[in-house]
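Here's the structure, in C-alpha cells; my notes come after.
The values are calculated or read from the model by the stated rules, or taken from the named source; none is laboratory data. The structure presented is a predicted model; accordingly, all values stated were derived computationally and were not measured. Cβ atoms come from the backbone with ideal geometry, glycine included; neighbour counts cover every protein chain shown. To get the accessible areas, we keep the full protein, side chains included, count just its heavy atoms, and leave off ligands, DNA and RNA. Shrake-Rupley method; radii C 1.70, N 1.55, O 1.52, S 1.80 Å.
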Amino acid sequence: MTKFLTFGETLVQHNADYIGPYDSDGPYTRHVAGAESNVALDLRRLMPEVEAVWVSRLGQDADGDMILGQLRDRITVRAPQFHGEFTGIQLLNHLGGGEVIRRYRRAGSAASRLTAAEVLSHMDVSDLVHVTGITPALSDTCRRTVMEVMGASVERGIPVSMDVNYRDALWSPSEAMAVCDEMRQYATLFKVGHDEAETIWSLGLSAGEYARYFFGGDTRLTVITTGDSGAVAFDGENLAEHPGFTVDVIDPVGAGDAFVAGFLAGIFERGGLPDLLELDTDARAQIFHRSLEIANACGALVCTRHGDTEPMPDLGQVEKFVNRPGAVSGPRCP
C-alpha cells in the first residue's frame, strides 16, 4: 500500500454564503480547511487504496472536535488535542469573479507549535512526504520543523512534494522567497502557481521558463499552474502542457489542493515518483500529460461548488468529465 504523509495546520473555515466583504451578521457555512489535510483527503477520494496520514496539533475545543470528527474516518489522523490551546479559524469572503478575502485567527494556535519529533515518528515506510509553504510561515517552530522533516526525508530516500501555496496574510514575498528557496533544495517535486512565482520571485518569466528555472539539484520535477492556460510540468527533458478545462467558477478555494492531489494520483497510478523518474523520456511524457489532465479536471470541478474538499470528484467522475461529449479545454482556476 502506498503511504502518503503530510503535516500542517487545519482550520475551521467560516465560508460566507453571500457576496461582499465581511459582515458580522452575514450567514456563513463552517467547513474544515487546511492545505495539507485537503490534499490527503482529495488523494484518498481519487485513490482509496492509498494510506494518507496527516500530522498536526489541535486545541481541546469545539473547533478541534469538529476537525477530528470530519477527518478521522476518511484519513489517518495523528493530531492530539491539547488543553489550554486553541484551534485556528479562517474567515472567508467572496467578492465575485473568483476573488476571495481571507482573515485568520491562528497566531499562537496549537498547530503553530508542531515539532519535527511529532512528525518524524510517523515517517517510517512513507512513500512520499508532502509539504507546503504555509506551514513555515506559521511560527519559528514550524519553520524549523519543515526544514528538519524535509532534510530527514532526503536522508532516508523519501521523495518530497512541495506546493508553495503563498499566503500574503502570513508573510511578505521576500520572506517567502528566502524560505521557499531553502525548501526547494529538498523538494523532489516543486509546484507553484505562475501568479505566485511572479509575486515572490518577480522574474517576468513564462510558466515554461519558471518550470525550467526551478528545476535542478534534488528538484527533479517542476509544475507551474496558470490561471488562463492550465499547467506545465518539466522533468529536465520534457515540457508537458495541458490547457485545462472551462467551468463556471463558484468558489476557487481548495482548487489548488485538488490539483496537487490529482497530479499525484496520476503518478501513483504508475507506482511513485522514483519509478517515474527512472522511465525513458517518452514514457514520462505520457504520464505527465495524464497527471496534468487529472489535476486540471480536479481543480476545475472543485471550483464549481463551495467547500475545500466537498466538491472533490472521484476518479470515475474525473474520467466522465474529461471524456464527456463536447468537452472543451480552456482556462481553469487553480
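log10 I(q)/I(0), Debye, Cα-only region 167-229, no solvent, q = 0.21, 0.24, 0.25, 0.26 Å⁻¹? At q = 0.21, 0.24, 0.25, 0.26 Å⁻¹ the computed log10 ratios are -0.85, -1.08, -1.15, -1.22. Counted over region 1-156, the DSSP beta bridges are approximately 40% antiparallel.
Largest first and in whole Å, the equivalent-ellipsoid semi-axes of region 1-133 read 27, 18, 12, each the square root of five times a Cα gyration tensor eigenvalue. Restricting attention to the chain, close to 45% of DSSP beta bridges with both partner residues there are antiparallel. Overall, the ratio between the Cα radius of gyration of region 174-318 and 2.2 N^0.38 Å, rounded to two decimals, is 1.02. Residue ranking by accessible heavy-atom surface, 1.4 Å probe, largest first, among Glu155, Glu175 comes out as Glu155, Glu175. Residues Met147, Met177, Met123 ordered from highest to lowest accessible area at a 1.4 Å probe: Met177, Met147, Met123. For region 68-195, the convex hull spanned by the alpha carbon atoms encloses 142 Å³ per residue. The stretch between Asp25 and Ala169, if pulled fully straight at 0.36 nm per residue, gains 49.5 nm over its current Cα-Cα span. Extending 7 Å from Cα along the Cβ direction at Arg270 and again at Ala107 yields two label points whose distance is 4.7 nm. Calculated accessible area for the chain comes out at 40 Å² per residue, all protein chains present (probe 1.4 Å; ligands, DNA, RNA ignored).
The modelled label-to-label distance for the pair Leu239/Phe215, using points 7 Å beyond Cα in the direction of Cβ, is 0.9 nm. Nonpolar atom fraction for region 133-212, defined as the carbon and sulfur part of the 1.4 Å probe accessible area, stands at 44 percent.
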